[in-house]
Ligand code: CA
Ligand code: CA
């Protein structure tokens, strides 16, 4: 099953008609546009010249059979294939640096031999990230540029190949959509973009009933993490920390004071992005902690 990048949404909502339907446990490929909807094709183009009604397209939504409100959708990221070039921009009043910029700039970044060619001096190994990935909320419509409890524009650089993302199911069928790939990005995403790029994402989607994980939740080979979005970095970081503490006590089986101390000694609070309508942080705990307590993720 493949969903083409011609089928996109700009807000996550239970009112979006599904563009495809699959059995629980199916493998699906999402073809995605870059966050500019493919509008930038040369370095002469500026953000101000874009059609802003077609920014942050997310491919989907996909209806997963058997996914019911209250479930958790397990999304195993099996593969991400990237286009042959990405785009970066910066502009006055955008992001952390925008206050000191007087002009916009656009940069085309070729992808060659598994590396993003930043300039003649710097090459970065690609580390593909899904910037926008989420399910429909129970009601209303959340723009694809906004992160939240449903996932969305989290811009978390750990959401890559080999990771498993757990998202809430609030609408029948979950209505999964994704887009906004980055070939590589840094924590913070300070000028409001990574290496923005089109591509194809292959995932396995499984609805889990009675799953107690605090979504959005992510597991990689080396760590598991709560992801929280909020008005400030402080509030997002605190929420991610508190939700991880609850997981360590209720699911992993740690004593409550040790759970807090563990987060202080081995947990890492990290900034995912600090430039979107809500900012996003994560609390990472080494997978070795789960192994020490015999805890297995669902
Ligand atoms: Ca983004
Ligand atoms: Ca982006």
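General remarks:
- Two-site FRET efficiency, residue 97 against residue 222, from Cβ-Cβ distance with R₀ of 41 Å, rounded to 0.05: 0.85
- Against the main long axis of the alpha-carbon atoms of the chain, helix 256-265 sits at an angle near 30°.
- Relative to the longest principal axis of the Cα atoms of the chain, helix 233-247 runs at roughly 30 degrees.
- Distance between region 210-283 and region 132-205 - C-alpha centres, whole angstrom: 17
- Projecting label points 7 angstrom from Cα along Cα→Cβ for residue 42 and residue 119 puts them 2.3 nm apart.
- For the chain, a Gaussian network of Cα nodes joined below 10 Å ranks 162, 173, 188 by mean-square fluctuation, and the top entry is 162.
- A simple spin-label model places the labels of residue 2 and residue 231 4.6 nm from each other, with each point 7 Å out along Cα-to-Cβ.
- Overall form of region 1-139 per C-alpha gyration tensor (a/c, 1.5; a/b vs b/c): prolate
- For region 77-190: rounded, prolate or oblate by the Cα gyration tensor [a/c cutoff 1.5]: oblate
- Take the Cα of residue 172, go 7 Å toward its beta carbon, and the backbone nitrogen atoms of region 138-162 under 17 Å from that spot belong to 138-140.
- Scaling against 2.2 N^0.38 Å puts the C-alpha radius of gyration of the chain at 0.97.
- Rounded, prolate or oblate (a/c below 1.5 giving rounded, otherwise prolate when a/b exceeds b/c) for region 165-298 by Cα gyration tensor: oblate
- The chain: relative contact order as a whole-number percent, Cα under 8 Å and 6+ apart: 23
- Counted residue by residue at 0.36 nm each, then reduced by the alpha carbon distance between them, the extension gain from residue 54 to residue 15 reaches 12.1 nm.
- The simple spin-label model puts a point 7 Å past each Cα toward its Cβ; for residue 26 and residue 161 those points are separated by 2.4 nm.
No lab work stands behind these numbers, since they all come straight from the coordinates. Computed from a predicted structure; not experimentally measured. Using ideal geometry, Cβ is built from the backbone for each residue, glycine included, and neighbour counts are taken over all protein chains shown.
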